[in-house]
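Visitor: Sharing a structure here in structure tokens format.
The values are calculated or read from the model by the stated rules, or taken from the named source; none is laboratory data. Everything numeric in this text was worked out from a predicted model, so none of it was measured. Here Cβ is always computed from backbone atoms with ideal geometry, including for glycine, and neighbour counts include all displayed protein chains. Accessible surface areas use protein heavy atoms only, side chains included; no ligands, DNA or RNA. Shrake-Rupley method; radii C 1.70, N 1.55, O 1.52, S 1.80 Å.
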Amino acid sequence: MITKPFQDEYTRLLYSKARGYPPLDPETLQPHPSPTWPLEGAQIGDLVLLDLSGALLYVGINVTKGADDPRNWQHLPKDYKPCPLELGIDYTINPSQFPSPTIIGATTGPTNEFEVHPMAPTEDGGRERVKFSTHASNGAFCALPLGGSSQDCTLSGLAKLRRLAMTHGATWYYHVMNLDSLELQNGNLTLITGCEKTSYFVLGLFETKIQNPCFTKTLTVPKVVGDVAERIKMVEDCPSESTPLSFDPYFQSGRPDTASRLNNQPSCVALRGFHISLKASIYNDMRDPRGIRQSIWHALPSFLRPPTRSWPVFDEAKPTYQPCAAINNLIHSSNRRVKTAVVHDKEILSILRKDELPLPSDAELARRMITRYVISVDKAGGAFLQDKSDVKLSRWAKLRLLNWRGFLSVRQEDSVLE
């Protein structure tokens with residue numbers, strides 16, 4: 001069973017290597033049925049929740065598709081208008097991003113990587129094999145025996161989806177909050193703008209406290225006959241070297257492939273997107289009571305309303321770790337005008353040093369963000385991050401707008417982009 005500590009450690013180790021948030025359960029869950037979801041998996045434009053168990057919960061909305069598209073669930077927000085994207089202009093797809101086989105891995109060892117070596121083919125069918133090993137005390141890996149593909153928005157597509165997220169973020173939260181089967185928390189709603197996908201995966205997370213550890217595994221590539229891959233045990237102990245039994249591993253593998261899975265690669269092993277969060281008071285106003293009690297609550301004058309929504313919600317479990325959440329919180333605390341904040345994974349990746357593992361603390365991430373970015377706030381209270389090199393402001397304007405937390409905040413109408 002996947003637990004939150006597993007997902008948090010997996011994220012801290014693999015975030016930079018996977019170029020985004022790596023779900024520990026790539027088989028995305030589908031609480032509300034869509035006939036195309038099991039075949040296609042995650043796509044650009046999907047609204048998903050980052051579940052506490054390490055899975056992605058698709059909420060039944062793809063903002064790039066029309067209301068009558070099979071990918072969109074029957075219940076959509078009021079006044080729903082899609083934001084269509086054009087392939088080659090707004091986004092790109094690389095079907096051969098990862099060759100077969102590929103191992104995305106990270107360790108706390110000196111090199112921060114696994115040693116990968118080809119091995120002789122198996123004797124019972126000539127299947128390709130590779131060995132990966134490390135002497136680090138803990139690490140994480142995601143193996144792609146049959147390779148994988150990648151989808152990414154261009155700058156044009158990112159600008160369109162960012163504008164959409166800032167404008168409709170509160171509407172999406174209100175809509176998802178009223179879907180009782182989904183557990184929503186402030187900050188875990190994500191609009192996908194890029195993802196790494198595969199049809200077959202094996203991932204693992206291990207830790208040991210012994211001295212001079214040696215973690216060694218072999219990856220066997222299954223044969224594809226026609227459009228179906230054979231069912232074999234893909235990851236096992238290397239026969240030439242022993243693995244200490246004191247390792248505490250967690251392993252998970254994808255389900256057997258079918259023709260549709262091989263062609264569409266529905267398993268999402270990493271995603272990039274806009275992580276959306278609301279001002280605390282706005283989010284609390286959307287919470288219980290609901291139904292007729294909610295209508296009565298809103299009809300009352302503010303000084304007569306029960307104080308349930310103004311208090312922190314203590315019964316919520318702590319959300320799964322994501323580095324963008326800390327930056328979203330910093331944005332809200334730095335500017336009271338901000339109602340909806342959006343932070344993209346590329347902004348986190350841009351401040352990470354090469355081979356920096358695991359991820360630095362939230363305080364260090366915030367310090368680097370303050371150094372490189374400014375908060376840009378529109379008239380409606382939507383906020384995002386802009387690189388300081390793209391914003392022209394006078395020295396006195398910077399001093400005037402520098403607040404107590406040190407995060408420069410500018411209004412979009414006061415900034416001039418280069």
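Visitor: Against the definition (modelled with pLDDT under 85 and either more than 27 Å from residue 55 (Cα to Cα) or surrounded by fewer than 20 Cβ atoms within 10 Å (Cβ to Cβ) (or both)), how does residue 178 come out, yes or no?
Guide: Details: modelled with pLDDT under 85: yes; either more than 27 Å from residue 55 (Cα to Cα) or surrounded by fewer than 20 Cβ atoms within 10 Å (Cβ to Cβ) (or both): yes.
Judged against the criteria, residue 178 is a match.
Visitor: Report, by residue number, each residue of the stretch 369-408 that is at pLDDT 85 or above, under 15 Å from residue 333 (Cβ atoms) and charged (D, E, K, R).
Guide: Let us first name the residues in the stretch 369-408 that are at pLDDT 85 or above, namely 369-387.
After this cut, where a residue has to be under 15 Å from residue 333 (Cβ atoms) as well, the list is 369-370, 375, 377, 381, 383, 385.
None; the set is empty.
Visitor: Can you name the residue in the stretch 143-167 that is more than 14 Å from residue 384 (Cβ to Cβ) and part of a helix (DSSP H, G or I) and is also farthest from the chain's Cα centre (by Cα) among such residues?
Guide: Let us first name the residues in the stretch 143-167 that are more than 14 Å from residue 384 (Cβ to Cβ), namely 143-154, 156-157.
Still in the list and also part of a helix (DSSP H, G or I): 156-157.
Details: 156: 20, 157: 18 Å.
Out of the qualifying residues, it is 156.
Visitor: Still on this structure, I have one more. Can you name the residue in the stretch 340-368 that is at pLDDT 90 or above and touching a strand residue (DSSP E or B) at 6+ places or on another chain (Cβ under 7 Å) and, of all such residues, is nearest to residue 167 (Cα to Cα)?
Guide: The qualifying residue nearest to residue 167 (Cα to Cα) is 340.
Visitor: To continue, here is another question. Looking only at the stretch 269-286, filter to residues that are in a helix (DSSP H, G or I) and modelled with pLDDT under 85; which one of those is surrounded by the fewest Cβ atoms within 10 Å (Cβ to Cβ)?
Guide: Selected residue: 281.
Visitor: Among 77, 118, 110, 101, which is under 26 Å from residue 344 (Cβ atoms) and either under 24 Å from the mean Cα position of the chain (by Cα) or surrounded by fewer than 13 Cβ atoms within 10 Å (Cβ to Cβ) (or both)? Steps first, please.
Guide: Working: 118 fails: under 26 Å from residue 344 (Cβ atoms); 110 fails: under 26 Å from residue 344 (Cβ atoms); 101 fails: under 26 Å from residue 344 (Cβ atoms).
When all the criteria are applied, what remains is 77.
Visitor: Right, next: State which residue is modelled with the lowest pLDDT when the search covers only the stretch 17-36 and only residues that are open to solvent by less than 40 Å² (accessible area, probe 1.4 Å) and in a loop (DSSP other than H, G, I, E, B). Steps first, please.
Guide: Filtering the stretch 17-36 for residues open to solvent by less than 40 Å² (accessible area, probe 1.4 Å) gives 18, 20-28, 32, 34, 36.
Next, only the ones that are in a loop (DSSP other than H, G, I, E, B) stay: 18, 20, 22-24, 32, 34, 36.
Numbers: 18: 87, 20: 91, 22: 91, 23: 88, 24: 82, 32: 55, 34: 61, 36: 64.
Among those residues, the one meeting the criterion is 32.
Visitor: Please identify the pairs in which a residue from the stretch 1-17 that is under 14 Å from residue 270 (Cβ atoms) and β-branched (Val, Ile, Thr) has its Cβ atom under 6 Å from the Cβ atom of a residue that is open to solvent by less than 10 Å² (accessible area, probe 1.4 Å) and at pLDDT below 85, counting only partners at least 6 apart or on another chain.
Guide: Hits for this filter: zero, empty list.
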